[in-house]
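This report refers to the structure that appears directly beneath it.
The values are calculated or read from the model by the stated rules, or taken from the named source; none is laboratory data. Quantities reported herein were computed from a predicted structural model and do not represent experimental measurements. Cβ coordinates were reconstructed from backbone atoms using ideal geometry, including for glycine residues, and neighbour counts include every protein chain displayed. Note: areas computed on protein heavy atoms with side chains; ligands, DNA, RNA excluded. Shrake-Rupley method; radii C 1.70, N 1.55, O 1.52, S 1.80 Å.
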Amino acid sequence: MAAFHARAKAEAAVAEGEMDVAALAAALGIDEDSARYVLERLAATGRVTLVARPRT
């Protein structure tokens, strides 16, 4: 149930606009590796689209 809750919170946070992994992790109260995992799962199910950009 906790994983579903994290995915739902991540989806809601991303719906507010573009954000990087660090901002998503902070919004969810999890580490960046966990935020990446949640994003990967959402992308795999087609709920979000991931965009890669070079770091500046």
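Of all the residues in segment 2-52, those that are open to solvent by 90 Å² or more (accessible area, probe 1.4 Å), part of a helix (DSSP H, G or I) and in contact with a helix residue (DSSP H, G or I) (Cβ under 7 Å, 6 or more places away or on another chain) number 1. Taking the conditions (1) out of contact with any Asp or Glu (no Cβ under 7 Å at 6 or more places or on another chain); (2) modelled with pLDDT of 90 or more in turn, residue 52 satisfies each one other than (2).
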